[in-house]
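Asker: Structure in structure tokens, see below.
The values are calculated or read from the model by the stated rules, or taken from the named source; none is laboratory data. This structure is a prediction, so every number in the text was calculated from the model and none was measured. Quick reminder, even Gly has a Cβ in these numbers, built from the backbone with ideal geometry, and neighbours come from all protein chains shown.
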């Protein structure tokens, strides 16, 4: 009888341990699926922003649009050549959003000193029929680059921007500055 009892006890322990192991595996699988869902949601949001940014730029006759969250640069044909622009280090703060405008020259020549205008605000409507609301602007200036290819990082304070709103940033009127 004791052998039988030991067998039953051992068999019961084995089933209990295997059930715990399966539950642990199920929990790990659920955590993996949850993390994957979060990643897919972020990817879907970025895809929407990229599509909107591309649509706005296709219709823009002057300047280039950048949308926070698109994580994709846009090209601008300017008076100083073709420039690749992107927004990096975007973060909310007490006055709206702060970000860094990264401007990269696409030629093998250093960028000259230049100025330009940055506008930001909210887009209402769709990318087919939209209105820019609460638009603010600031002038930017960049010194001449010594190295090529050139990268210029310009800190921006997008005051009054609400990260929950569809914020846009538009850069235009890039032109060389005479340093004589």
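Asker: Listed residues 55, 62; which is over 18 Å from the mean Cα position of the chain (by Cα), modelled with pLDDT under 90 and closer than 19 Å to residue 121 by Cα?
Answerer: Testing whether each residue is over 18 Å from the mean Cα position of the chain (by Cα), modelled with pLDDT under 90 and closer than 19 Å to residue 121 by Cα leaves just 62.
Asker: Quick one: in the stretch 73-102, which of the residues that are closer than 14 Å to residue 170 by Cα and without any contact (Cβ under 8 Å) to a residue 60 or more places away in the chain is surrounded by the most Cβ atoms within 10 Å (Cβ to Cβ)?
Answerer: 74
Asker: Take the residues in the stretch 55-69 that are free of Cβ contacts under 8 Å to residues at least 40 places away in the same chain and surrounded by 16 or more Cβ atoms within 10 Å (Cβ to Cβ); name whichever of them is nearest to residue 86 (Cα to Cα).
Answerer: Only one residue tops the list, namely 69.
Asker: Okay, next question. Out of all the residues in the stretch 84-132, which are under 18 Å from residue 55 (Cα atoms) and part of a loop (DSSP other than H, G, I, E, B)?
Answerer: Result: 126, 127, 128, 129.
Asker: Can I ask one more? Looking at the stretch 141-171, which of its residues are more than 17 Å from residue 91 (Cβ to Cβ) and either modelled with pLDDT under 85 or under 21 Å from the mean Cα position of the chain (by Cα) (or both)?
Answerer: Listed by number, the residues that qualify are 145, 146, 147, 148, 149, 150, 151, 152, 166, 168, 170, 171.
Asker: Which residues, counting only those in the stretch 133-160, are part of a loop (DSSP other than H, G, I, E, B) and farther than 26 Å from residue 81 by Cα?
Answerer: 160
Asker: Just to be sure I understand, how many residues within the stretch 131-156 are surrounded by 14 or more Cβ atoms within 10 Å (Cβ to Cβ) and touching a residue at least 40 places away in the same chain (Cβ under 8 Å)?
Answerer: Qualifying residue count, the stretch 131-156: 6.
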